[in-house]
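Everything on this sheet refers to the single structure shown next.
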Amino acid sequence: MKFNKIHILDDDKISSMLLAKKIESLGFTGEIDKSFTAAEAYPKIKGPNEVLFLDQNLECCIGKDVIDQLQQIGIQGLKIILISSQFNASHEELQNSSNNIIGKIVKPFSAEEIKKLLCQ
Amino acid sequence: MGKLDTLKILLIEDGEADRMIFSNYIDDIDSEIYLESESTLIGGISFLQENEIDIVILDLNLPDCKGLDSLIQLKKQFPQIAVIVLSGNRDILIADEAIAIGASDYLLKAHLDPDRLQRTLLYNLERIKKDELLKKRYKELEQFTYIATHDLKSPLNNMIQLLEYLNGDEEERATYMEMMKQSMDSLKNIIASLTDVLELKSTIKSSPKEEVALEDIISDVLRDHNYLISEQNIEVILELEKGVKKRYNKAHLKSIVQNLVSNAIKYKGKVNPKIILKTYSSNADVVFQCEDNGLGIDLQKEGGNIFKMFKRFHKKSEIEGKGIGLSMINSIVEENGGKILLESEPNVGSNFKVFL
């Protein structure tokens, strides 16, 4: 896997823990950082060689808000994977709107799908 | 015959004589009707793009569009507007096709008189209202279904995944079992909230109503919250017009006041927190107002989400709550023919005006 650091932004602590475990089970040895709010995540994200697993329904905002904010902050090189229990057309649109969004995963997480996205 | 509410009609008719006859019939109807007219389809479409109209009366023989094409074009661009065809053509097949395309009615010019016109307008207005109600209910059902499936999936997905890790040692197993329990509790709470919402929606209209003095309700709610208000040094200012009453279900009215006061306390300002409660009559409306100088809401960002179910504007870790209170009281108010207006600014405060 080409990333040094994986960020998980999901207000569901259990879901976040489960995703981290799945990633570890794939042999990822880099740092996995979990944030439960966008405000908590922003200062920790640098960009290059990092990937963000971004939940689409955070407590106080949606995934698109976070992506817009990261752009405003000037984060470059960050790859993003959308995560959700349920995707709709607006998520499809969001995914197509940026080359930095490299895929999406539906919960419950599948190790194969995570591996496919992290190794592409 | 029933009286029409205020009605805005656009007549698209090129014949001057026909326009005058129609206008005279409208004048004979004992209702407040605003009649505008255009003599071409293009003129009619331009008008509709700039103005709100309740019903379009459409002649099928316009200089820039003949036959049912004009109806097709109108319905394509303005599917939500009721269009009544007014024609000299008695052909029943044309009439059937017009209705199939989406015309609300098909009137023959030769048979038109003020009584028939008024009946047609009345019936179509009723149908418009029912259609709008049906669309609203459908949208609510869509929203409810989305929330039910999405929010229920989250704890279920967690439970499915946690099952994979129950084969570990005892300590690990205990940790994961605790997480399973949390997920099940979460599931239970969501189902309970959804049930509350469904139950409320199904009983609002049929719930018994009585003359309720708003001052009494506010007094009850403040008494219920007295401990929190004094503990948190919140200044409560009352500007209550004497004798303001409203025919309402008492429990529902209390729920409205309770939710707003409770939110004002929850999201109170950090310095000198203040809540102002007002009641007054405004024209035919009775208004309850709840203003605070608290955390406020970013309406530019959240404007469309204010009354959505499970929508929260502040972190659960900071302030407890399920996010269904505003949704429920909005349902109550709307089902009773009222509305809620909100002004709010982050870190300045919120002002909820409930027109009961």
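The values are calculated or read from the model by the stated rules, or taken from the named source; none is laboratory data. Please read all numbers here as calculations on a predicted model, not as lab measurements. Cβ coordinates were reconstructed from backbone atoms using ideal geometry, including for glycine residues, and neighbour counts include every protein chain displayed.
Regarding residue A:62, is this residue within 23 Å of residue B:164 (Cα to Cα), within 15 Å of the chain's Cα centre (by Cα) and within 14 Å of chain B (Cβ to nearest Cβ)? Spelling it out, it is not the case that residue A:62 is within 23 Å of residue B:164 (Cα to Cα), within 15 Å of the chain's Cα centre (by Cα) and within 14 Å of chain B (Cβ to nearest Cβ). Answer with yes or no whether residue B:7 is without any contact (Cβ under 8 Å) to a residue 60 or more places away in the chain and hydrophobic (A, V, I, L, M, F, W, C). Criteria not met by residue B:7.
For residue A:34, indicate whether it is basic (Lys, Arg), away from chain B (no Cβ under 14 Å) and in contact (Cβ under 8 Å) with a residue 40 or more places away in the chain. Lay out the reasoning, then the answer.
On the way: basic (Lys, Arg): yes; away from chain B (no Cβ under 14 Å): yes; in contact (Cβ under 8 Å) with a residue 40 or more places away in the chain: no.
No, not satisfied.
Residues in the stretch B:151-164 that are surrounded by 17 or more Cβ atoms within 10 Å (Cβ to Cβ), free of Cβ contacts under 8 Å to residues at least 40 places away in the same chain and not hydrophobic (A, V, I, L, M, F, W, C): B:153, B:154, B:155, B:157, B:158, B:161. Checked against (1) within 13 Å of another protein chain (Cβ to nearest Cβ); (2) assigned to a helix (DSSP H, G or I); (3) touching a helix residue (DSSP H, G or I) at 6+ places or on another chain (Cβ under 8 Å), residue B:181 meets all criteria but (3). Can you tell me which residue among A:49, A:57 is within 14 Å of the chain's Cα centre (by Cα), within 25 Å of residue B:151 (Cα to Cα) and in contact (Cβ under 8 Å) with a residue 24 or more places away in the chain? Within the list A:49, A:57, the selection yields A:57.
Residues checked against (1) at pLDDT 90 or above; (2) surrounded by fewer than 18 Cβ atoms within 10 Å (Cβ to Cβ); (3) more than 11 Å from the chain's Cα centre (by Cα):
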{"site": "A:2", "(1), (2), (3)": "no, yes, yes"}
{"site": "A:9", "(1), (2), (3)": "yes, no, no"}
{"site": "A:36", "(1), (2), (3)": "yes, no, yes"}
{"site": "A:42", "(1), (2), (3)": "yes, yes, yes"}
{"site": "A:67", "(1), (2), (3)": "yes, no, no"}
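For residues in the stretch B:144-178 being among the polar types (S, T, N, Q) and more than 9 Å from chain A (Cβ to nearest Cβ), which is farthest from residue B:193 (Cα to Cα)? Ranking the candidates gives B:167 first. No other residue among B:195, B:175 is surrounded by fewer than 11 Cβ atoms within 10 Å (Cβ to Cβ) and either without any contact (Cβ under 8 Å) to a residue 60 or more places away in the chain or on the phi > 0 side of the Ramachandran plot (or both) apart from B:195.
Results for (1) in a helix (DSSP H, G or I); (2) touching a Leu at 6+ places or on another chain (Cβ under 7 Å), shown as yes or no for each residue.
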position	(1), (2)
A:53	no, yes
A:64	yes, yes
A:69	yes, no
A:76	no, no
A:82	no, yes
A:95	yes, yes
A:112	yes, no
A:115	yes, yes
